[in-house]
Amino acid sequence: MKRIALITGTTSGIGKATAEKLASQGLNLIITGRRKKILDELKTSLASEYGIEIIALNFDIRKAEEVKANIAALSKEWKKIDILVNNAGLAAGLDHIQDGKIENWERMIDTNIKGLLYISREVMPLMTANKKGHIINIASTAGKEVYENGTVYCATKHAVDAISKGMRLDLLKYGIKVTSISPGLVETEFSIVRFDGDREKAKLPYKGMKPLTGKDIAEVIWFSLNQPEHVNLNDIVMTATAQANSTNVYRKE
Ligand code: NDP
Ligand code: 8X3
């Protein structure tokens, strides 16, 4: 039986690279995102290139009812989800907390914390019923330390860290693995979203250094998924060679 992986946020970046990697290894996929056209194109291209079965679910992860309805509508066979990659997320803005926009805070909290919880709440009972599963939560170095102007994004990723620890405790007796992966700078659409579409500003975090790519994260996800049954990778922090932590990046002029 082919494994089934549900990956959230596959319309770009880490999620898209993960979908490509897992499809190339023959897994059947459930891919998700809000941008329907991109999602449907990815579905068609992965199905034709790798001959896998694939379902595209088009919903906003901030809406609990949409999340619930989409998972509930899966057939019995597709509900046998082996792998959940909680990837959908974003940063909005880079401001001192005293100047922060409440709408940005709500977007980040609703997506990165509440959205991750909503989809996990629907998928975890399917895994506990099968007494197997692997949840990969995409956290961040921002979940390990706080940087100036990033308080609320960092808070959401600290929450993801806590959720991973809690899932590991509560799911322990079901044999479900929980892996948290915390990347540093990865060049995706992340920065374009953070700076509200300003592509010039979005390049600045990567100036003079070679950041990680979505593919780099996908490779580590794949490695985590292929450990022997008795082995779980709990907590992986990965950065570009030029990055020591959230604030120390070596940049060539
Ligand atoms: P991208 O912006 O390239 O991708 C984000 C994905 O999340 C998109 O597919 C987007 O799909 C989806 N998404 C965002 N909001 C929603 C929503 N409300 N409902 C459904 N899907 C949503 O960024 P990355 O690939 O870089 O980010 C992926 C994850 O990695 C995030 O959790 C991010 O915090 C984390 N991360 C990123 C790092 C980086 O430097 N890039 C470093 C560390 C962690 P759509 O817009 O179609 O809905
Ligand atoms: C994304 C990486 O450094 O912008 O989580 O917070 S950073």
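Taking the C-alpha atoms only, the angle from helix 36-50 to the longest principal axis of the chain is near 60 degrees.
Were the residues from residue 216 through residue 253 laid out at 0.36 nm apart, the gain over their Cα-Cα distance would be 10.9 nm. Using a Gaussian network model on the chain with a 10 Å cutoff between Cα atoms, which of 48, 164, 140 fluctuates the most? Maximum among the listed residues: 48.
Run the numbers on the chain and let me know its relative contact order in percent, using alpha-carbon pairs under 8 Å that are six or more apart. Can you show the working numbers first?
Values: 475 pairs, mean separation 49.5, N = 253.
Reported relative contact order: 20 percent.
Relative to the longest principal axis of the Cα atoms of the chain, the long axis of helix 116-130 lies at roughly 30 degrees.
Compute the Cα gyration tensor for region 209-253, then decide on rounded, prolate or oblate, letting a ≥ b ≥ c be the square roots of its eigenvalues: rounded whenever a/c is under 1.5, prolate when a/b is larger than b/c in the other cases, and oblate in all that remain.
Numbers: a/c = 4.98, a/b = 2.33, b/c = 2.14.
Prolate, because a/c is 1.5 or more and a/b exceeds b/c.
How tilted is helix 13-24 with respect to the longest principal axis of the chain? Cα atoms for both, answer in degrees (0 to 90, nearest 10). Result, in degrees: 30. Compared with the alpha-carbon gap, the fully stretched path from residue 237 to residue 50 is longer by 64.3 nm at 0.36 nm per residue. The alpha-carbon positions of region 167-210 define a convex hull whose volume is 99 Å³ per residue.
Can you compute the FRET efficiency between residue 106 and residue 129 using 1/(1 + (r/R0)^6), with r the Cβ-Cβ distance and R0 = 41 Å? Round to the nearest 0.05. The partial results should precede the final answer.
Values: r = 34 Å, r/R0 = 0.82.
The value I calculate is 0.75.
The modelled label-to-label distance between residue 63 and residue 230, using points 7 Å beyond Cα along the C-beta direction, is 4.7 nm. With springs only between Cα atoms under 10 Å, which of 231, 67, 193 fluctuates most in a Gaussian network model of the chain? Ranking 231, 67, 193 by mean-square fluctuation puts 231 first.
Over every pair of different alpha-carbon atoms in region 4-238, take the mean of 1/r and invert it; report that Kirkwood radius in Å. Mind dumping the intermediate values first?
Working: mean 1/r = 0.0557 Å⁻¹.
When all Cα pairs of region 4-238 are included, the Kirkwood radius is 17.9 Å.
Just so you know, all these numbers are worked out from the coordinates, no wet-lab data involved. Note that the structure is predicted; figures quoted are calculated from it, not measured. Cβ coordinates were reconstructed from backbone atoms using ideal geometry, including for glycine residues, and neighbour counts include every protein chain displayed.
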